[in-house]
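Quick notes on the structure that follows.
Nothing in this text is a laboratory measurement; each read-out follows from the coordinates by a stated rule. Computed from a predicted model, the values in this text were never measured in an experiment. Cβ placement follows ideal geometry from the backbone for every residue including glycine, while neighbour counts extend to all protein chains displayed.
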Amino acid sequence: MPQTKPQNDHIAIGEINTLKIERDTDYGYYLSAKDKEEVLLPNIYIMEDEMPMGSLLDVFVYTDSEDRPVATTKMPYAKLGEYGYFTVVDYKSYGAFVNWGLPKDLFVPLSQQKEHFHIGKKYILRVCLDEQTGRLYGTQKIGKYLNRNMKGLHPNKRFDAIVLAKTPLGYKVVADNQYEGMLFSNEIFEPLRVGDKREVYIKQVRKDGKLDLSLQPIGIQAKITQAEGAILQLLKEADGRMPFTYKSDAEEIKKVFGMSKKNFKRTLTALIEDGRIVLHEDAIGLPK
């Protein structure tokens, strides 16, 4: 799985790192950042045909059972600073261990639990880093990590969100791994459960540092989103390429896409800026 992203300057625990395959050993490959710091990718993750020496590789870095940094090509359910819905697999007097998709379970110290954890139950947790030990851990105490600075936020801004809890009003969520928000029950027309991940849109930025959210875009943005879906669907049906650009004939646009040239151009711009389509000299296409 060699990649073409820039090589990391430093190795970052809890994140996806792009590292250079530096040398082969009995235990696996050693991968390096630009500062020459190295981390082991154990043999179990190595596919020699796809990982030539000197190439760049995307890996997740965390610490093993002896608190040594180690790389893996597997990706956890949530990375550093992200939220996930994790199942408890073991419990000790000093804390719990949850499955987060990697061989070594994620530790949740007793001090980071708001309630007594039970094996087999699932809990919303944030993945954090102990700066002193370099260990990753999970916490249920997320209040101090929520961002109350609403600068730059506006209605219809789109975020990824995870559902935290059901309330009398609806569902409390964390959007963009940092903002607390609410989805109201009378505006939800699909099944929703704690731990579900959804795209959400800002309805209102509140003075108390929280967000009123919606599962659907509102106002003119809703029309743009519908138009985006129509263009993308037609591109898929046309094998990813269609002979249309900003200069295409208005009548032909209306005939094929069912929208005005003005709406087509506006939607085209939104799709290009989001990287969901590519504009060629004589056509539009899906990215490869």
Give me the distance between the Cα centres of segment 111-146 and segment 173-219, rounded to whole Å. 23 Å
Taking the Cα centre of the chain as the origin, how large is its charge dipole in debye, to the nearest 20, when only Lys and Arg (+1) and Asp and Glu (-1) carry charge on their Cβ atoms? 1600 debye
Please state, to two decimals, what the Cα-based radius of gyration of segment 116-230 comes to when divided by 2.2 N^0.38 Å (N = residues). 1.20
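Please report, in debye to the nearest 20, how large the charge dipole of segment 238-284 is about its Cα centre when each Lys and Arg carries +1 at its beta carbon and each Asp and Glu carries -1 there.
Working: 9 positive and 8 negative charges, 52 e Å.
My answer is approximately 260 debye.
May I have the convex hull volume per residue, in Å³, for the Cα set of segment 222-282? Don't jump to the answer; show the numbers that get you there.
On the way: hull volume 4.6 nm³, N = 61.
Here the figure is 76 Å³ per residue.
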Most fluctuating residue given options MET51, MET150, MET242, as computed from a GNM of the chain linking Cα atoms under 10 Å: MET242
Note: the chain, point scatterers on Cα, Debye, no solvent; log10 I/I(0) at q = 0.08, 0.13 Å⁻¹ equals -0.50, -1.08
Once the dipole of the chain is set up with Lys and Arg at +1 and Asp and Glu at -1 on Cβ about the Cα centre, which of ALA78, GLN132, VAL194 lies farthest towards its positive end? VAL194
How large is the translational diffusion coefficient of segment 16-72 in µm² per second when you combine the Kirkwood radius over alpha carbon pairs with Stokes-Einstein at 25 °C and 0.890 mPa s? 219 µm²/s
Run the reach check for LYS166 against aspartates and glutamates, Cα to Cα strictly under 18 Å, same-chain hits fewer than 8 apart removed. What comes back? GLU115, GLU180, GLU187, GLU190, ASP196, GLU199, ASP212
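What pairs in LYS92/LYS121; LYS122/LYS203; LYS157/LYS262 have C-alpha atoms more than 20 Å from each other?
Numbers: LYS92/LYS121 15 Å; LYS122/LYS203 30 Å; LYS157/LYS262 22 Å.
In this structure, LYS122/LYS203; LYS157/LYS262 lie more than 20 Å apart at Cα.
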For segment 99-107, what does the Karplus curve 6.51 cos²θ - 1.76 cosθ + 1.60, with θ = phi - 60°, yield as ³J(HN,Hα) per residue in whole Hz, taken in order and with x for Gly and Pro? 7, 10, x, 10, x, 8, 5, 8, 8
Percent of all Cα-Cα pairs per 10 Å bin for segment 167-286, counting from 0 up to the last occupied bin, reads 12, 36, 23, 21, 8, 0
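Expected output is a single nm value to one decimal: the length gained when fully extending between TYR246 and ASP212, i.e. 0.36 nm times separation in residues minus the C-alpha distance. What is it?
Working: separation 34, 0.36 × 34 = 12.24 nm, distance 3.58 nm.
So the extension gain works out to 8.7 nm.
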Per the helix-only calculation at 222 nm, which mean residue ellipticity applies to the chain, given -39500 (n - 2.57) for every DSSP H run of n ≥ 4 and division by its residues, nearest 500 deg cm²/dmol? -4500 deg cm²/dmol
Exactly which GluC sites (Glu not before Pro) in segment 83-181 are in a DSSP loop and have at most 13 other Cβ atoms within 10 Å? GLU115, GLU131
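For every other residue with a beta carbon closer than 15 angstrom to the beta carbon of LYS207, add +1 if it is Lys or Arg and -1 if Asp or Glu, then tell me the sum. Write down the numbers at each step before the final one.
Working: positive: ARG148, LYS151, LYS203, ARG206, LYS210; negative: GLU180, ASP208, ASP212.
Cβ neighbours under 15 Å give a net charge of +2.
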Here the gain from full extension of VAL278 to SER185, 0.36 nm per residue of separation minus their alpha-carbon distance, amounts to 29.7 nm
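Let me spell out the model: positive unit charges on the Cβ of Lys and Arg, negative unit charges on the Cβ of Asp and Glu, origin at the Cα centre of segment 1-144. What dipole size does that give, in debye rounded to 20?
Numbers: 17 positive and 21 negative charges, 168 e Å.
Here segment 1-144 has a charge dipole of around 800 debye.
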Taking loop as defined by DSSP and a crowding limit of 12 other beta carbons within 10 Å, which GluC sites (Glu not before Pro) in segment 37-107 fit? GLU66
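To one decimal place, what Kirkwood hydrodynamic radius in Å is obtained for segment 83-143 from all pairs of distinct Cα atoms? The partial results should precede the final answer.
Working: mean 1/r = 0.0876 Å⁻¹.
Here the Kirkwood hydrodynamic radius works out to 11.4 Å.
Percent antiparallel among DSSP beta bridges with both residues in the chain, to the nearest 5?
Working: 61 of 66 bridges.
Roughly 90 percent of the beta bridges in the chain run antiparallel, per DSSP.
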Residue with peak Gaussian network fluctuation, the chain [Cα springs, cutoff 10 Å], from LYS157, LYS207, LYS122: LYS207
State the answer as a single residue: which of ASN8, VAL98, ALA33 lies farthest towards the positive end of the charge dipole of segment 1-152, with beta carbon charges of +1 for Lys and Arg and -1 for Asp and Glu, about the Cα centre. VAL98
Listed by chain and number, the aspartates and glutamates with an alpha carbon less than 16 angstrom from that of LYS79, same-chain partners under 8 positions apart left out, are GLU15, ASP58, ASP64, ASP105, ASP130, GLU131, ASP160, ASP176
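Going down the list LYS5/LYS236; LYS172/LYS254; LYS36/LYS114, which pairs span over 32 Å between their C-alpha atoms? Let's see the in-between values first.
Details: LYS5/LYS236 27 Å; LYS172/LYS254 41 Å; LYS36/LYS114 41 Å.
Exceeds cut-off: LYS172/LYS254; LYS36/LYS114.
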Once the dipole of the chain is set up from charges on Cβ (+1 Lys and Arg, -1 Asp and Glu), the residue from the list THR167, ILE21, ALA227 lying farthest towards its positive end is THR167
